[in-house]
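The values are calculated or read from the model by the stated rules, or taken from the named source; none is laboratory data. What you are looking at is a predicted structure, and each value in this text was computed from that prediction instead of being measured. Here the Cβ is made from the backbone with ideal geometry for all residues, glycine too, and neighbour counts use every protein chain on show. When the accessible area is computed, the model is the full protein with side chains, heavy atoms only, and any ligands, DNA or RNA have been set aside. Shrake-Rupley method; radii C 1.70, N 1.55, O 1.52, S 1.80 Å.
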Amino acid sequence: MIEDRERKTGKELFMLGIKAVVCLFLVYLFVNKPILFTQYPRIEKLAGAVVVFLGPSLVVSVLRLIIIYWYIRKHRFKSNIKDNFILGINRITSILNVVFFGLAVVSLLEVKLVDLVFSVSIVAAAVALTFKDYVTNMINGLIIMFSDRLSLGDHIKMGEHDGKILDITLINMILQNEDSDMVIIPNSVVFSSVIINQSKQNIKKLSIEFDMSIANGYTPEYIENHLNKIIEPYSENVVEGGLTVKTISINKDVVIFKAMILLKRYDKIKEREIRRAVNTGLIRLSATLIKD
């Protein structure tokens with residue numbers, strides 16, 4: 001979960017009030033039939049289309065605020081919190097508003113219901129075939145939003161990508177990696193990939209893979225003791241006895257090792273410092289061995 005600084009309840013209530021006033025005013029005009037509507041039928045049609053859009057949109061907006069308020073109170077979140085459930089509700093509201101707008105345009109054009117159903121069926125089939133990937137991404141995106149497996153702000157690892165979830169749209173997921181680069185991944189790829197959610201774990205693992213010349217004869221135990229001395233200054237961030245070194249493979253000239261360090265909590269700055277210290281220690285160890 002992360003805080004959404006863009007969403008402000010006061011502004012939402014203000015816009016909701018404007019919608020309500022406009023909608024009630026137009027309904028009042030329809031009931032009293034002013035002379036303007038009689039003289040200019042097109043204005044009456046336009047007002048009717050606006051009511052067709054604003055009426056359902058107003059109801060959906062009210063339901064959205066009620067659901068979000070209930071959800072925040074139930075989980076005792078901050079009023080400006082933003083998580084998957086709220087994000088999913090917002091996306092569904094946006095989709096419904098687009099549907100209401102389309103109905104308003106149809107009412108303005110005075111399309112018959114039979115023709116509308118027939119046209120919508122054809123258009124839906126064409127859209128499903130033409131934009132199959134986009135529709136799949138949208139469905140997968142909604143599933144991810146309402147899932148508790150991935151949340152905004154979680155640090156995940158998916159294939160070669162590793163970073164923090166900044167946003168989930170109907171088309172893709174946006175990650176921020178350690179280099180502060182924005183990585184955009186389609187929801188269909190996210191939905192079908194193996195994901196390691198590091199934020200859902202009680203501890204975080206820091207893995208460093210490296211190789212040493214086989215002629216040096218250094219064992220995993222020796223390297224492990226050497227690295228333990230290096231990470232002593234970071235004892236507050238590293239789990240006691242949480243460093244292990246294992247052998248990945250033994251080749252003709254080199255041995256490939258993997259060092260795994262268990263961290264007590266996620267701290268991007270400290271993790272970077274520990275990784276740099278370990279890498280520096282391994283480089284110096286290799287250089288010393290070369291001189292010997």
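Packing, taken as the mean count of other beta carbons within 10 Å per residue, orders the peptides 51-57, 182-188 from highest to lowest as 51-57, 182-188. The residues of the range 133-199 have, on average, 51 Å² of accessible surface per residue, using a 1.4 Å probe with all protein chains present.
The amide H of D267, built 1.01 Å from its N in the peptide plane, has no neighbour under 5 Å, considering only residues 5 or more places off or on other chains.
What shape does the range 205-287 have by the C-alpha gyration tensor, where a ≥ b ≥ c are the square roots of the eigenvalues, rounded means a/c under 1.5, and otherwise prolate means a/b greater than b/c and oblate the rest? Before the final figure, lay out each step's value.
Numbers: a/c = 2.12, a/b = 1.98, b/c = 1.07.
Prolate, because a/c is 1.5 or more and a/b exceeds b/c.
From most to least packed by mean Cβ count within 10 Å, the peptides 241-249, 160-168 give 160-168, 241-249.
Peptide packing for 44-50, 220-226 was compared via the average number of neighbouring C-beta atoms within 10 Å per residue; ordered from the highest value, the list is 44-50, 220-226.
Farthest towards the positive end of the charge dipole of the range 133-199, among the residues S180, N137, G159, is the Cα of N137, using unit charges on the Cβ of Lys, Arg, Asp and Glu. When the Cα positions of G217, Y266, A277 are compared along the charge dipole of the range 205-287, Y266 comes out farthest toward the positive end, with charges on each C-beta of Lys, Arg, Asp and Glu.
Only alpha carbons enter this Debye calculation for the range 133-199, each as an equal point scatterer, and the log10 of I(q)/I(0) it gives at q = 0.23 Å⁻¹ is -0.94.
Taking the Cα centre of the range 205-287 as reference, the dipole from Cβ charges on Lys and Arg (+1) and Asp and Glu (-1) amounts to some 260 debye. Placing a pseudo-label 7 Å from each Cα along the Cα-to-Cβ vector at I248 and Y266 gives an inter-label distance of 2.4 nm.
Using a simple spin-label model with pseudo-atoms 7 Å out from Cα toward Cβ, R275 and S235 lie 2.6 nm apart.
Would you work out the charge dipole size for the range 133-199 about its Cα centre, treating the Cβ of every Lys and Arg as +1 and the Cβ of every Asp and Glu as -1, and quote it to the nearest 20 debye? Let's see the in-between values first.
Values: 3 positive and 9 negative charges, 49 e Å.
That gives a dipole near 240 debye.
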